[in-house]
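In what follows, a structure is listed as structure tokens, so that the remarks can point back to it.
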């Protein structure tokens, strides 16, 4: 996944240093080439041997260590690096970097790096909120470094407030955002829909479907990692909103129609992965409908507005529209009809009855249908399917 990518991790003197061992392990499993730089103070919190075992590379601390692999190690490593993450970043090292001080292996290497530099401050709340530290953080941002806002919570010193280093998953997300994909969607606006809609019967009950939103969320996250400005319009799901994506939460098909259509003209690519209800109750009761003794109950339904059809009818020049087709029979035939009827550029089709595809799974088996070709993909993770969908779109638009 990250084979051929070099990640430099800078670790400073903070109790949060222990988290970076897990981050190094996570990056190693993704086949990144990881180099850890530690300040002398950081060695009081975690042993360099830990990082050497996890990464297979020597942990660098002393600028003048003669047992090195490169001629001028901090310069050679700086040239190799695809991204640098300093986490935890102490107030001391933040101050050094902000003011051009390079007096150890970590700061000299970072000063020599031309790649993206990401800083994750971690310290006592009063230190973090100190105007001098805040001014130094503002300087780092002005110099093009990305600063991850610390979490608010219980700190090691038992104070409660800002200054807590985010989780390893969060730090990994920032690294992947930078180096996982080529930025072939830079400058493109991409709108993705995901999840189910909920059509209210009364304040208690609703009509919905089994969509979990996993496929649409994977598409939105992957598009953002490829450089796009992404808007995700999502129905109710049990997923955290993806970072680096603007997420718009809706409930009903009518709300999704409104949010998508009002943004449609600004989009270069629209990917409709949501499972939108085709029908909604004609009337929604203001109070809970009580059960009656005997007899049956029926709920009159009316058609919802067809979002994909509206997009196809109003498609602007050079805009790419992709729909999804979830079928249980005649998948290819029905999906090809949908492609033509809705006037869209591509349909991503799958069969709910095929094992490994459909709602709630972490994998999918899809067929990409355009006017010119039909391409069936093997079973893949939904993240890999998202990448394949975007590969196809990029090929068509360039």
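Looking only at residues in segment 114-144 that are surrounded by fewer than 20 Cβ atoms within 10 Å (Cβ to Cβ) and under 17 Å from residue 7 (Cα atoms), the one that is farthest from the chain's Cα centre (by Cα) is 114.
Residue 183 fulfils the conditions (1) in a loop (DSSP other than H, G, I, E, B); (2) in contact with a helix residue (DSSP H, G or I) (Cβ under 8 Å, 6 or more places away or on another chain) except for a single criterion, (2).
Quick one: in segment 181-197, which of the residues that are farther than 19 Å from residue 320 by Cα and crowded, with 19+ Cβ neighbours inside 10 Å is nearest to the chain's Cα centre (by Cα)? Out of the qualifying residues, it is 195. Restricting attention to segment 370-396, the residues that are surrounded by fewer than 15 Cβ atoms within 10 Å (Cβ to Cβ) and closer than 20 Å to residue 340 by Cβ add up to 7. If you go through segment 146-162 and keep only what is modelled with pLDDT under 90, touching a helix residue (DSSP H, G or I) at 6+ places or on another chain (Cβ under 8 Å) and assigned to a strand (DSSP E or B), you end up with 160, 161, 162. The residue that is nearest to the chain's Cα centre (by Cα), among those in segment 331-369 that are assigned to a loop (DSSP other than H, G, I, E, B), surrounded by fewer than 17 Cβ atoms within 10 Å (Cβ to Cβ) and without any contact (Cβ under 8 Å) to a residue 40 or more places away in the chain, is 356. Would a scan of segment 2-17 turn up a residue that is without any contact (Cβ under 8 Å) to a residue 60 or more places away in the chain, touching a strand residue (DSSP E or B) at 6+ places or on another chain (Cβ under 8 Å), surrounded by 14 or more Cβ atoms within 10 Å (Cβ to Cβ) and in the same structural domain as residue 155 (by TED's automatic domain parsing)? For segment 2-17, residues without any contact (Cβ under 8 Å) to a residue 60 or more places away in the chain, touching a strand residue (DSSP E or B) at 6+ places or on another chain (Cβ under 8 Å), surrounded by 14 or more Cβ atoms within 10 Å (Cβ to Cβ) and in the same structural domain as residue 155 (by TED's automatic domain parsing): absent. Tallying residues that are in a loop (DSSP other than H, G, I, E, B) and modelled with pLDDT of 90 or more within segment 62-96 yields 3. Among the residues of segment 82-96, those that are touching a strand residue (DSSP E or B) at 6+ places or on another chain (Cβ under 9 Å) and either without any contact (Cβ under 8 Å) to a residue 60 or more places away in the chain or buried (at least 21 other Cβ atoms within 10 Å of the Cβ) (or both) comprise 83, 84, 85, 86, 87, 88, 89, 90, 91, 93, 94.
For segment 163-180, filtering for residues that are over 20 Å from residue 13 (Cα atoms) and either in contact with a strand residue (DSSP E or B) (Cβ under 8 Å, 6 or more places away or on another chain) or assigned to a loop (DSSP other than H, G, I, E, B) (or both) leaves 5.
Of the residues making up segment 97-112, those that are surrounded by fewer than 19 Cβ atoms within 10 Å (Cβ to Cβ) and assigned to a loop (DSSP other than H, G, I, E, B) number 5. Being in the same structural domain as residue 193 (by TED's automatic domain parsing), surrounded by 15 or more Cβ atoms within 10 Å (Cβ to Cβ) and within 13 Å of residue 264 (Cβ to Cβ) is not true of residue 324. Considering only segment 205-215, I want to know if a residue exists there that is surrounded by 15 or more Cβ atoms within 10 Å (Cβ to Cβ) and part of a strand (DSSP E or B). Yes, some residue in segment 205-215 is surrounded by 15 or more Cβ atoms within 10 Å (Cβ to Cβ) and part of a strand (DSSP E or B). For residue 275, the conditions (1) under 25 Å from residue 386 (Cα atoms); (2) modelled with pLDDT under 95; (3) out of contact with any helix residue (DSSP H, G or I) (no Cβ under 7 Å at 6 or more places or on another chain) all hold with the exception of (2). Within segment 230-267, restricting attention to residues that are in contact with a helix residue (DSSP H, G or I) (Cβ under 8 Å, 6 or more places away or on another chain) and in a loop (DSSP other than H, G, I, E, B), the residue that is surrounded by the most Cβ atoms within 10 Å (Cβ to Cβ) is 235. Among the residues that make up segment 299-316, is at least one of them under 17 Å from residue 389 (Cα atoms) and either in a loop (DSSP other than H, G, I, E, B) or in contact with a helix residue (DSSP H, G or I) (Cβ under 8 Å, 6 or more places away or on another chain) (or both)? No; the residues of segment 299-316 include none that is under 17 Å from residue 389 (Cα atoms) and either in a loop (DSSP other than H, G, I, E, B) or in contact with a helix residue (DSSP H, G or I) (Cβ under 8 Å, 6 or more places away or on another chain) (or both).
The values are calculated or read from the model by the stated rules, or taken from the named source; none is laboratory data. All values derive from a computational prediction rather than experimental measurement. A quick note on method: Cβ atoms are made from the backbone with ideal geometry, for glycine too, and the neighbour counts reach across all protein chains shown.
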